[in-house]
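This report concerns only the one structure given below.
The values are calculated or read from the model by the stated rules, or taken from the named source; none is laboratory data. This one's a predicted model, so the numbers in the text were calculated from it and none came from an experiment. Reconstructed Cβ throughout: ideal geometry from the backbone, glycine too, with neighbour counts over all protein chains shown. Accessible surface areas use protein heavy atoms only, side chains included; no ligands, DNA or RNA. Shrake-Rupley method; radii C 1.70, N 1.55, O 1.52, S 1.80 Å.
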Amino acid sequence: MAAVGAGGSTAAPGPGAVSAGVLEPGTASAGESLCPSGRMGGGAHRRLKYISLAVLVVQNASLILSIRYARTLPGDRFFATTAVVMAEVLKGLTCLLLLFAQKRGNVKHLVLFLHEAVLVQYVDTLKLAVPSLIYTLQNNLQYVAISNLPAATFQVTYQLKILTTALFSVLMLNRSLSRLQWASLLLLFTGVAIVQAQQAGGGGPRPLDQNPGAGLAAVVASCLSSGFAGVYFEKILKGSSGSVWLRNLQLGLFGTALGLVGLWWAEGTAVATRGFFFGYTPAVWGVVLNQAFGGLLVAVVVKYADNILKGFATSLSIVLSTVASIRLFGFHVDPLFALGAGLVIGAVYLYSLPRGAAKAIASASASASASGPCVHQQPPGQPPPPQLSSHRGDLITEPFLPKSVLVK
């Protein structure tokens, strides 16, 4: 499931899910007080950040591990294209139910709203077709990659999407990167290259039906599609607004249709012969539910996670995936893999550091400890930050933000 996070962020929900906005470190949304006695006090905000960290780490690592587990179980192997379609269907139905709840259970209002938003404003709807196509392709590529690479190797290599997103941002949005970010990207590429060299050198035994070359090609293609889709999404939709759940519903509709086309093209005959749910086990259903609801859950909690926290979550997910792979799949960690993974973890953290992070953190500490009435944290001479959400009747609107680079 694809996600949309804050500009320049290094983590957010997985492909297919549009998230609410996220705050940069050291900033507060309009109307949100940093005072402990305020609506969002320091203690409550810290608790939400820790909860966000836990959710990001668990969802990030569990999806990869569950796909790897389901694809390597003995017996009949399920069709990955059907799992992608089912995840999109469940995601779309969930968003539809949430919109229904927003309309207070009024079917007529819901139908009129969807008619206006989807059909009358068809131009906005069609804009989501391209990213939805790319996200659907990306979901299928991830199954190919995880089926042919150890979970830990995939998790490390998949961080190349940070590099591709950064490069597309520079090329398409004329965005500038700091020297530290360029250095971290070079460090990231070096770390991934070391891990892949270890894999090519035969890092431990692997099943005969796995093809590391195909897995690497699928990861690279997925990273390229992730980077392009995220920047394209930001370029065409930045500045517009729409309901978070409406946009996810629209992505789900396109994703389902495009997923069915991909199913028919790639495995249509086999699915028609053996059935849509051939090979489905509780483990497979766990993967589908994780894809469908995990991305939506992360889209909700990621608004409380700043860039540093999301980079830290990615690093923890790599460690968790590696440890779990050792226990579950007999993965062997040698010095070369440890070196490459360490470089990637360090690069992810360094890239996630915003410019002037130390200055912003110092300013936040001084503001929080200052005596006198509580004020909103706001740099002098700067206009107040925009609202993360505004209300129009019973419809919550959210700004469009660029796609994430954290695995779903």
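Here is a check on your reading of the model: is residue 136 touching a residue at least 12 places away in the same chain (Cβ under 8 Å), of a type in the set (S, T, N, Q) and in contact with a helix residue (DSSP H, G or I) (Cβ under 6 Å, 6 or more places away or on another chain)?
Considered against the rule, which asks whether it is touching a residue at least 12 places away in the same chain (Cβ under 8 Å), of a type in the set (S, T, N, Q) and in contact with a helix residue (DSSP H, G or I) (Cβ under 6 Å, 6 or more places away or on another chain), residue 136 comes out as yes.
List the pairs whose first member sits in the range 328-339 and is farther than 10 Å from residue 194 by Cβ, whose second member is open to solvent by 60 Å² or more (accessible area, probe 1.4 Å) and in a loop (DSSP other than H, G, I, E, B), and whose Cβ atoms are under 7 Å apart, counting only residues at least 6 apart or on separate chains?
The qualifying pairs do not exist here.
Cβ-Cβ distance below 6 Å, separation of 6 or more or different chains: which pairs start in the range 83-111 with a residue that is over 19 Å from residue 281 (Cα atoms) and end on one that is part of a loop (DSSP other than H, G, I, E, B) and open to solvent by 40 Å² or more (accessible area, probe 1.4 Å)?
Matching pairs, first to second residue: 102/394.
Please work out if residue 261 is of a type in the set (Val, Ile, Thr), modelled with pLDDT of 90 or more and over 16 Å from the mean Cα position of the chain (by Cα).
The answer is yes for residue 261.
State all residues of the range 179-198 that are open to solvent by less than 30 Å² (accessible area, probe 1.4 Å) and among the small types (Gly, Ala, Ser); if no residue qualifies, say none.
Of everything in the range 179-198, those that are open to solvent by less than 30 Å² (accessible area, probe 1.4 Å) and among the small types (Gly, Ala, Ser) turn out to be 184, 191.
Residue by residue through the range 118-139, note down the ones that are surrounded by fewer than 23 Cβ atoms within 10 Å (Cβ to Cβ) and among the polar types (S, T, N, Q).
Listed by number, the residues that qualify are 121, 125.
Mind listing just one residue for me: the one in the range 245-282 that is out of contact with any strand residue (DSSP E or B) (no Cβ under 8 Å at 6 or more places or on another chain) and of a type in the set (D, E, K, R) and, of those, least open to solvent (accessible area, probe 1.4 Å)?
Only one residue fits best here, namely 267.
Tell me which residues, restricted to the range 309-350, are of a type in the set (Lys, Arg) and open to solvent by less than 60 Å² (accessible area, probe 1.4 Å).
If the condition is that a residue be of a type in the set (Lys, Arg) and open to solvent by less than 60 Å² (accessible area, probe 1.4 Å), then 310 is the only one that fits.
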